[in-house]
1. Quickly run through region A:181-240 and pick out the residues that are polar (S, T, N, Q) and within 21 Å of A:Gly128 (Cβ to Cβ).
2. Given the structure, is A:Ala89 of a type outside the set (D, E, K, R), over 18 Å from the mean Cα position of the chain (by Cα), within 28 Å of A:Leu18 (Cα to Cα) and at pLDDT 95 or above?
3. Limited to region A:198-223, what total is found for residues that are of a type in the set (Ser, Thr, Tyr) and part of a loop (DSSP other than H, G, I, E, B)?
4. Return the only residue of B:Ile119, B:Ile90, B:Ile143 being touching a helix residue (DSSP H, G or I) at 6+ places or on another chain (Cβ under 6 Å), buried (at least 17 other Cβ atoms within 10 Å of the Cβ) and farther than 24 Å from B:Phe59 by Cα.
5. Go through region B:13-37 and give me each residue that's of a type outside the set (S, T, N, Q), more than 13 Å from the chain's Cα centre (by Cα) and surrounded by fewer than 19 Cβ atoms within 10 Å (Cβ to Cβ).
6. Applying the selection to region A:21-47, what residues are within 26 Å of A:Trp221 (Cβ to Cβ) and in contact (Cβ under 8 Å) with a residue 24 or more places away in the chain?
7. Of all helices (runs of 4 or more DSSP H) completely enclosed by region B:7-89, which ones contain at least 3 residues that are of a type in the set (Asp, Glu) and more than 22 Å from B:Glu206 (Cα to Cα)?
8. Return the only residue of B:Thr201, B:Thr173 being in contact with a Ser or Thr (Cβ under 7 Å, 6 or more places away or on another chain) and free of Cβ contacts under 8 Å to residues at least 40 places away in the same chain.
Protein chains: 2
Amino acid sequence: MTQNIYDNPAFFAGYSELLRSREGLAGAPEWPTLRALLPDLAGRRVVDLGCGFGWFCRFAREAGAAEVLGLDVSQNMLARARETTADPAIAYRQADLERLDLPPAAFDLVYSSLVLHYIEGLAGLLAGVRGALAPGGRFVFSIEHPLYTAPGNPEWIDGTWPLDRYLEEGPRTTDWLAKGVVKQHRTIATYLNALIAAGFTILRVEEWGPSDAQITAHPDWASERQRPPFLLVSAGLPADL
Amino acid sequence: MTQNIYDNPAFFAGYSELLRSREGLAGAPEWPTLRALLPDLAGRRVVDLGCGFGWFCRFAREAGAAEVLGLDVSQNMLARARETTADPAIAYRQADLERLDLPPAAFDLVYSSLVLHYIEGLAGLLAGVRGALAPGGRFVFSIEHPLYTAPGNPEWIDGTWPLDRYLEEGPRTTDWLAKGVVKQHRTIATYLNALIAAGFTILRVEEWGPSDAQITAHPDWASERQRPPFLLVSAGLPADL
């Protein structure tokens, strides 16, 4: 079963202080690239897997979505999402993302930001996403890039990233905000082939690194161009499903 | 214009001594994985981009292909391919792979092994491949993995691969068999998005590393599991094109 680190008090406290937690989507440097992968949201029914504080759910409604369902494993996150949302077309619900219990073909977009690399049972999650999407539906997600999750010692050495264990899939335990955070390393090929096996067509793949303008504003981000920190994918179901 | 390193005498002499040159497909450790991506070849019309000594062209005919066209930029390679082939259904021709001049929709499979990372004009090559394929046709290829081509200093350090420059696409000059061999580094995302933009559906992606059995037979290959050396892709055109 996937670790629920977000309800660890130290992790939750640290996570709440991140730029992307305090400022929402505007505080996430990869957001403009992820946003560009989204279909037009007007009138669409949207699910957010791992909705956290609800930033994307509120964005989707502002962009015209008809209804938005935010799912998260963390009661702490959901409580804060509910506190900061006053919109009857947004619902938040606790859920085990590996065993989605959603009405069939009831959504047009499933979105997930930086969650899938925590999930042990990827095939189960993808089967749930596929079942919840209507024909022509989209699945747009970001994850920590496999180059970021692979190494045994993920720390820069003289400006280079000491890659190893790339083909060795499985858990990686790191100390980030709290001790013993468990991520699941998978290769890019594994993610893409699992999507294809679940019936999706790959529409676009982005290996995100900071733009020149972002590096000018944040010179310490330059190293992220040596090894992209995020992988973004847009996948779709056939319209004539 | 893409460098034609294969007609450099030192490179050609060194290349001719490689296991994959002397033993053909059986001497290429990634061949079983690449072969598994191929469609049934019985009765099919096949093109090999960068056919070299003709090993794959002869394999395709043994597997039942109706006709096989081997294209290569190197006169040296083509001369040896012709010397070792006695099959009127196999033709070899010199070609600029960035500007393919093939009859439209005349082939069922385009194959290419370890060639595209030398090609400067990838979009031109893909447009040529797409135009040459019939509806339902496949493009199956291998390249040096972008993790292999990216680094400024592609040499193991204490068992780790010093990754840098991954998002910096463009030429990389290395000394391999001869001085000043120029490869074109592109990201995985760039390859996949270029295929999608050219009208292909991604069918399968493999990041190849040696199997346990291969490492038992060749213990010095074990490091290749830390950083896959080859990327293999199967892509297809819609049958109702």
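1. Of region A:181-240, the ones polar (S, T, N, Q) are A:184, A:187, A:190, A:193, A:201, A:211, A:214, A:216, A:223, A:226, A:234.
Passing the criteria: A:Gln184, A:Thr190, A:Asn193, A:Thr201, A:Ser234.
2. Yes.
3. 1
4. From the options B:Ile119, B:Ile90, B:Ile143, the qualifying one is B:Ile119.
5. B:Ala13, B:Gly14, B:Glu17, B:Leu18, B:Leu19, B:Arg22, B:Glu23, B:Gly24, B:Ala26, B:Gly27, B:Pro32, B:Ala36
6. Passing the criteria: A:Ser21, A:Gly24, A:Leu25, A:Ala28, A:Pro29, A:Glu30, A:Thr33, A:Leu34, A:Leu37, A:Leu38.
7. none
8. Just a single option satisfies the conditions, and that option is B:Thr201.
The values are calculated or read from the model by the stated rules, or taken from the named source; none is laboratory data. Just so it is clear, the structure is predicted and the values come from calculations on it, not from any experiment. Neighbour counts are summed over all protein chains in view; Cβ atoms, including those assigned to glycine, are modelled from backbone coordinates with ideal geometry.
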